[in-house]
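Trainee: Following this message is one structure expressed as C-alpha cells.
Since every read-out is calculated from the coordinates, none of them should be taken as a lab result. The structure displayed is predicted, hence computed values, not measured ones. Here Cβ is always computed from backbone atoms with ideal geometry, including for glycine, and neighbour counts include all displayed protein chains.
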Amino acid sequence: MDASLKKNWYIQYYFHDPNFKKEFPRGKYCIVKGGVNQFKSITDRRDSIKVLLEEVIKQLTVEGYNPILKKAIAPACPVDDTDYLIHPLTPFSKALQTAFDQFKGDSKEDLKSSLKYLQLSIKDMKYDDCPVEKIKRRHLVRILENCEKIKKQVGGIWSNNQYNHYRTALLILYRIFVKYETVEANIVTDMEIKNHAAEPRRPLTVEQRELIAYRLEHNNPRFWIFINIFFHSGARLTEMARVQGKHVNVERQEVTYLVKKGKSWEWVTRPIADEAVPFWRIALEGCGPGQYVFAKGLMSGDVPINSDQYTRRWRVWIMKPVADEDTKFDPKCKKERIDFMKVKLYDLKHTRTTELGDKLDEQFKKIDEQLAKANGHTTDKMAKKIYDLRNKQRKDDKIKSAHVKFA
C-alpha cells in the first residue's frame, strides 16, 4: 500500500480522430494527472482519481474536447428538436399520415381504409391542426364516436366491431409515434374495446361455388387459378403472397409457407390436394426458384404484392354489384351476383376446412385411438405427439386424396 503512494497516479487513454488518422494511426496517447499526486493517502487519491475520471469523460463526450486540437469543438451531428421524424408539434392529421407511411405490415390496405374515415372525423372535429402532443385520450374517444356520423353520411354501416377496427388502427399508428418519441406513451392502449357478437360463418353452398367458378373461369382465368389453389391450401393470404417457386414441390405435393404469428416466424410444410395439382402446374409455368408465384397480375415475378390485392380482386369480381347494362359478365352472373355481397374471400377457407373435417374426422380419430391402445395409453395425445413419428405425414397424405372439390 505504501509503495503505491511513491508512484505517480494518472489516467491514460487513446483519442481517435478520423481527421488525424495519418498523424495518429493508433490514436493520440493522452495522460491526465490533474494534481492527484498531491494527496498522501490511498483513500484521498482514489477519490480524486474518481472525480478526475468523471471530468475527463464529461469533457470528451459532452463538451466535445479534442486533445489533438486542445480545444472543444461542436458535435458533428447536434441532437435537437430538428431530428424528430414526426415532431411532437406536427399537426395531428399530418402526423397520422406520416406514421402510416412508416408502417410496413401486411394489413396496410386495411389501415389505409380506416385512416381515411379517421381523418374525415378528425377534420370534422377540427382537431386536424392540433399538435399531436396535445391530443389526449378523450379526444381520440370523441374522434371514434364521431366516425359513426361520418360513416352514415356516406351510406356506410357502423357497429361495435367497426369501432374496435378503427381503434386498432389508432393503436398501430400510436405505436409508431412512441417508437419515434413523438409521444411518451400509447394512450390508445387503455381505450375501451367494445363487445360485439360475431356473425356466424356459413360454408358456401355448391351452387354458390359453381357460380364463382362460372364467373372467374370465363372472365378472369388467372384469378380462377389462384382461387383454386387458395381454396385447397389451408394458408393465409399473407402466406400465399410470400410463396416462391422454390417453396413448391408439385411431385411430392408439398408447399412450404413462412408462417408469421406475432414475433414468432416458422416454415411450415403443407400438402397439395390432388385437385390443386393441375392449378399449381399452370401457376408455376415460367416461374423461377426465387420468383414469387403470385406477384403483379397474379403472374410470377421478382417483387411480391401486398396480400390485400387478393381481397380487392375478390371485391371487384365477386362482391361488387353489377349494373344491368354491364356486359362484362354473362346474364347468369348479373342476376345472381347480389347474393355475394356478404361472401368474404376467407369464407372459402372455412368452407374447405369444414368439408375436409367432415370427411377425415372419423378416419383420424380411429387411427389415433388404435395407436394409443397399442401403446397402453388412455388418451391419444402421447401417441400423436411423441411416439407416432409419421402422424403428420400420414394425415397429410390423406388430406391430399380427400377429394374436396371447389365446384
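Trainee: Suppose the chain between Glu145 and Phe39 were pulled fully straight at 0.36 nm per residue; how much longer would it get relative to their current alpha carbon spacing?
Mentor: Working: separation 106, 0.36 × 106 = 38.16 nm, distance 7.16 nm.
Value of the extension gain: 31.0 nm.
Trainee: So what's the projected area for region 92-179, the Cα convex hull averaged over all directions, in nm²? It would help to have the intermediate numbers written out before the result.
Mentor: Numbers: hull surface 21.6 nm².
Averaging across all directions leaves 5.4 nm² for the Cα convex hull.
Trainee: So, one more: Taking just the alpha-carbon atoms of region 2-72, what radius of gyration and Dmax come out, in angstrom?
Mentor: Values for region 2-72 (Cα only, Rg and Dmax): 14.4, 44 Å.
Trainee: List the pairs from Lys94/Lys149; Lys58/Lys134; Lys94/Lys260; Lys136/Lys261 whose alpha-carbon separation is above 28 Å, in the order I gave them.
Mentor: Values: Lys94/Lys149 22 Å; Lys58/Lys134 35 Å; Lys94/Lys260 31 Å; Lys136/Lys261 31 Å.
Correct reply: Lys58/Lys134; Lys94/Lys260; Lys136/Lys261.
Trainee: Another question, then. For Val183, list long-range residues whose amide hydrogen, built 1.01 Å from N in the peptide plane, is under 5 Å from its own amide hydrogen.
Mentor: Correct list: Val178.
Trainee: Between Glu254 and residues 5 or more places away or on another chain, which pairs have amide H atoms under 5 Å apart, with H built 1.01 Å from N, and which residues are they?
Mentor: Those lying under 5 Å, H to H, from Glu254 are Asn249, Ile272.
Trainee: Let me ask something else about it. Given H placed on each backbone N at 1.01 Å, which residues far from Lys194 in sequence or on other chains put an amide H within less than 5 Å of it?
Mentor: Residues meeting the amide H criterion: Asn164.
Trainee: Could you rank the peptides 287-296, 56-65, 182-191, 220-229 by their average count of other C-beta atoms within 10 Å per residue, with the highest value first?
Mentor: Ranked by mean Cβ neighbours within 10 Å, highest first: 220-229, 287-296, 182-191, 56-65.
Trainee: Follow-up question, since we're still on this one. Report ³J(HN,Hα) in whole Hz for each residue of region 159-176, in order, from the Karplus equation J = 6.51 cos²θ - 1.76 cosθ + 1.60 where θ = phi - 60°; Gly and Pro get x.
Mentor: 7, 4, 5, 5, 4, 5, 5, 6, 4, 4, 4, 5, 4, 5, 5, 6, 4, 5
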